[in-house]
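To keep things clear, I will list the structure first and then write my remarks on it.
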Amino acid sequence: MGTDTPTADILAGLDPEQRAAASAPRGPVCVLAGAGTGKTRTITHRIAHLVRTGHVAAGQVLAVTFTNRAAGEMRSRLRALGVEAAQARTFHAAALRQLQYFWPRVIGGRPWPLAESVFRLAGRAAQRVGASTEIEVVRDLLSEIEWAKSSLIGIDDYPAAAARLHRDTSEPAERVRDVYRAYEALKNDQEVLDFADLLLHTTGVIEDDRAVADEFRDRYRCFVVDEYQDVTPLQHRLLDAWLGERDDLTVVGDANQTIYSFGGASPAPLLDFTRRFPDATVVRLERDYRSTPQVVSLANRVIGAARNRPAGSRLRLTGQRPDGPEPRFAEYDDEQAEA
């Protein structure tokens, strides 16, 4: 980043809470950010501020999010702030890059590629163990395997976990386990990986090889995680491997916006952040710049009345746009009635 970009310019235009998050010292920072509160703006300005003030080199920053679009937007905003070398990627893209780099040294040979069709592999696995090969059933089986891997549930542990968590599957849990086992065997036979494998293998090489861990942790010193409420146990284990004993971590999220629970995501790490890091800086972004006050007020009421809301997750947003018409709210018993 050029030295002609004053720190004040980086913080200019941020509201007081955004500025507090962007200028917080190195170390654990938790930004609780409601919808429309400018979280991407805040975290990119935080990265730029850390770089500009000399706390970290741009190339030592790794920011991760959940979609290529979000990662691209983060990179674009960082470039606009003069930060070119910081890495902003999805969890899977970051893991793929690291795995391809370390694979020849740790595992040997050429890195295994991603499978062209995991659905086809799941179908063959189902056929091999005598499960249904109907499209919907195979899709459900593959989804269940992906959930299990993202939740760090091994093949033999699956039936007990499925019973404990009341998983609703199209095949008995023991049959799902058998498909899971056959699926993994087929991948190994073909020397291919699925997306969960990228995270599992990258985590493994960092956890099991001290030289790899030291090299990676020397390369990356500062971590930022967007949409932290949607992190799965597998992604969190990879994040822990990246961090090691360090605490230079900024997370951004809203427990009420968890959308990947079907894939194993849980807001628990976000809600437990200050328990893990008692000295963490916590900033709440509650100014909604996206919606009218009327829409924000309705959203607050609906979320406030929702059952099973995570404890300590309440964000009371205030609309910053001009007044608009009162929105209409309708509630239906089921999807058929809604249609």
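The values are calculated or read from the model by the stated rules, or taken from the named source; none is laboratory data. Just so it is clear, the structure is predicted and the values come from calculations on it, not from any experiment. Cβ placement follows ideal geometry from the backbone for every residue including glycine, while neighbour counts extend to all protein chains displayed.
When residues in the range 247-274 are screened for being modelled with pLDDT of 95 or more and out of contact with any Cys (no Cβ under 9 Å at 6 or more places or on another chain), 1 of them pass.
Scoring Thr258 on the criteria (1) of a type in the set (Val, Ile, Thr); (2) in contact (Cβ under 8 Å) with a residue 60 or more places away in the chain; (3) out of contact with any strand residue (DSSP E or B) (no Cβ under 9 Å at 6 or more places or on another chain) leaves a single failure, condition (2). Restricting the search to the range 229-243, which residues are aliphatic (A, V, I, L, M) and either at positive phi or part of a loop (DSSP other than H, G, I, E, B) (or both)? Once the filter is applied, which keeps residues that are aliphatic (A, V, I, L, M) and either at positive phi or part of a loop (DSSP other than H, G, I, E, B) (or both), the range 229-243 yields only Val231.
Selection within the range 244-266: residues that are assigned to a loop (DSSP other than H, G, I, E, B) and among the β-branched types (Val, Ile, Thr). The member of this set that is surrounded by the most Cβ atoms within 10 Å (Cβ to Cβ) is Thr258.
With the structure loaded, tell me whether Ala93 is surrounded by 15 or more Cβ atoms within 10 Å (Cβ to Cβ) and either without any contact (Cβ under 8 Å) to a residue 40 or more places away in the chain or in a loop (DSSP other than H, G, I, E, B) (or both) or whether it fails that test. Let's see the steps before the verdict.
Working: surrounded by 15 or more Cβ atoms within 10 Å (Cβ to Cβ): yes; either without any contact (Cβ under 8 Å) to a residue 40 or more places away in the chain or in a loop (DSSP other than H, G, I, E, B) (or both): yes.
Answer is yes for this residue.
State yes or no: is Ala57 modelled with pLDDT of 95 or more, outside the structural domain of Ser150 (by TED's automatic domain parsing), closer than 29 Å to Ser150 by Cα and small (Gly, Ala, Ser)? Give the steps one after another, and end with the answer.
Details: modelled with pLDDT of 95 or more: yes; outside the structural domain of Ser150 (by TED's automatic domain parsing): yes; closer than 29 Å to Ser150 by Cα: no; small (Gly, Ala, Ser): yes.
So Ala57 does not fit the description; no.
The set of residues from the range 287-316 being crowded, with 16+ Cβ neighbours inside 10 Å, modelled with pLDDT of 80 or more and closer than 21 Å to Cys30 by Cα comprises Arg287, Asp288, Leu315. Within the range 183-212, the set of residues being within 15 Å of Gly108 (Cα to Cα) and either among the hydroxyl-bearing types (Ser, Thr, Tyr) or touching a His at 6+ places or on another chain (Cβ under 9 Å) (or both) comprises Thr202 only.
Looking at Ala58, Ala70, Ala95, Ala85, which is the one that is closer than 25 Å to Glu215 by Cα, under 15 Å from the mean Cα position of the chain (by Cα) and not hydroxyl-bearing (Ser, Thr, Tyr)?
Working: Ala58 fails: under 15 Å from the mean Cα position of the chain (by Cα); Ala70 fails: closer than 25 Å to Glu215 by Cα; Ala85 fails: under 15 Å from the mean Cα position of the chain (by Cα).
When all the criteria are applied, what remains is Ala95.
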